[in-house]
Amino acid sequence: MKLTLAAAVILATWSVGIVHTVRAEQAAPVTGSTWSGVFADEQATRGATAYAKHCAECHLEDLAGDGFAPALKGPEFMSNWNGLTVGDLFERIRVSMPPSHPSAVPAKEKAEIVAFMLKSNGFPAGKVDLADKADALKGFKFEATKPTP
């Protein structure tokens, strides 16, 4: 009896895990990348202003970082985010920046800052603003190098 109950619990747990994984994959199919114009140029311009106000003190005006705060531009930044999603980047910033008071900067401004960071790293602008919800951005893969056609 105990063995049957244990087997049933294991099977139920495994089934729930499979269903959860399938739903997560269905919720955020990859529809583009950092090279497909995921932000608007005007949004990146607004993001430069927001970055100067909220981020430059630690990450510096040129996004190079101060040694303690990491660089937000360049090979190391690109390598750190390569293979993740724009949603992952946005969510990291949304929940943890600025470190003293993450909720002080609205999500819309944080999306503008991400747009500025993407533009500063050489990614092309598109015609639509970057969303300010991580789930909506999970479909855009962060690709450090431009894919060959």
Item to check | For the stretch 102-109, 3J(HN,Hα) per residue [Karplus equation, 6.51 cos²θ - 1.76 cosθ + 1.60, θ = phi - 60°, Hz, x = Gly/Pro] | outcome: x, 7, 6, 10, x, 4, 4, 5
Item to check | Per-residue ³J(HN,Hα) for the stretch 43-48, Karplus 6.51 cos²θ - 1.76 cosθ + 1.60, θ = phi - 60°, Hz, x for Gly and Pro | outcome: 5, 5, 5, 4, x, 4
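Using a 1.4 Å probe on the protein heavy atoms, what percent of the accessible area of the stretch 70-124 belongs to carbon and sulfur?
Here it works out to 58 percent.
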Checklist outcome for this item: Between Val38 and residues 5 or more places away or on another chain, the pairs with built amide H atoms under 5 Å apart involve Gly126
Checklist entry - When you count, for each residue, the other Cβ atoms within 10 Å and take the mean per peptide, how do 113-125, 83-95 rank with the highest first? => result 113-125, 83-95
Checklist outcome for this item: Residues meeting the amide H criterion for Thr85 (H placed from the backbone, H to H distance under 5 Å, 5 or more places apart or on another chain) are Phe142
Checklist outcome for this item: Scalar couplings 3J(HN,Hα) for the stretch 67-84 by Karplus 6.51 cos²θ - 1.76 cosθ + 1.60 (θ = phi - 60°), nearest whole Hz, x for Gly and Pro, are x, 8, 7, x, 5, 10, 8, x, x, 5, 4, 4, 5, 4, 9, 4, x, 8
Item to check | Those lysines that a straight Cα-Cα span of less than 28 Å connects to Lys73, excepting residues fewer than 8 apart in one chain | outcome: Lys53, Lys108, Lys110, Lys119, Lys127, Lys133, Lys138, Lys141, Lys146
Checklist entry - Going by a ≥ b ≥ c, the root eigenvalues of the Cα gyration tensor, does the stretch 31-121 fall in the rounded group (a/c under 1.5), the prolate group (a/b larger than b/c) or the oblate group? => result rounded
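The values are calculated or read from the model by the stated rules, or taken from the named source; none is laboratory data. The model shown is predicted, which means the values in this text are computed figures rather than measured ones. Don't worry about glycine lacking a Cβ; one is built from the backbone with ideal geometry, like all the others, and counts go over all protein chains shown. The accessibility values were calculated without ligands, DNA or RNA, using every heavy atom of the protein model including side chains. Shrake-Rupley method; radii C 1.70, N 1.55, O 1.52, S 1.80 Å.
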